[in-house]
Amino acid sequence: ENSLRKPLASLSIHSCDIFESPYALNLSSFSKLIKRLQARHPEANRDKIVEALQQVRVNSKGMLCGLSISTIEERTSVIL
């Protein structure tokens, strides 16, 4: 299973895992999340926000399954 996972750089929001596959992108949700985080943290550039999102995933044992977008936003904000 781990060999099938895409690199962290391929970002998407999926109902079970926010960074699962570049081919199953839900760009609308991802874009909304980025915009919400940029509005909440205007000092953070997009790269810093993406790094924080990746850290949230790492902190969640590599998956964000079961977390709502608002929970992901809150946990990312703590890191930022």
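The values are calculated or read from the model by the stated rules, or taken from the named source; none is laboratory data. Quick caveat: nothing in here was measured; it's all calculated off a predicted structure. Cβ sites come from the backbone with ideal geometry, for glycine too, and all protein chains shown count toward neighbours. Ligands, DNA and RNA are excluded from the accessible area calculation, which covers all protein heavy atoms including side chains. Shrake-Rupley method; radii C 1.70, N 1.55, O 1.52, S 1.80 Å.
If each residue of separation counts as 0.36 nm, what is the full-extension length gain between SER68 and GLU43 once their alpha-carbon separation is subtracted? Walk me through the intermediate numbers first.
On the way: separation 25, 0.36 × 25 = 9.00 nm, distance 2.43 nm.
Computed gain between SER68 and GLU43 is 6.6 nm.
Of the trypsin sites (Lys or Arg not before Pro) in segment 42-80, which ones lie in a loop per DSSP and count no more than 12 other C-beta atoms within 10 Å?
Sites meeting the loop and neighbour criteria: LYS61.
Quick one: what are the phi-derived ³J(HN,Hα) couplings along segment 61-67, Karplus 6.51/-1.76/1.60 with θ = phi - 60°, whole Hz, x for glycine and proline?
In residue order, the calculated couplings are 6, x, 9, 10, 4, x, 8 Hz.
Based on the Cα coordinates of segment 27-79, what is the per residue volume of their convex hull in Å³?
Values: hull volume 3.8 nm³, N = 53.
In segment 27-79, the Cα convex hull volume per residue is 72 Å³.
At a 1.4 Å probe radius, which order do VAL56, VAL78 fall into by accessible area, largest first?
So the residues, ranked largest to smallest area, are VAL78, VAL56.
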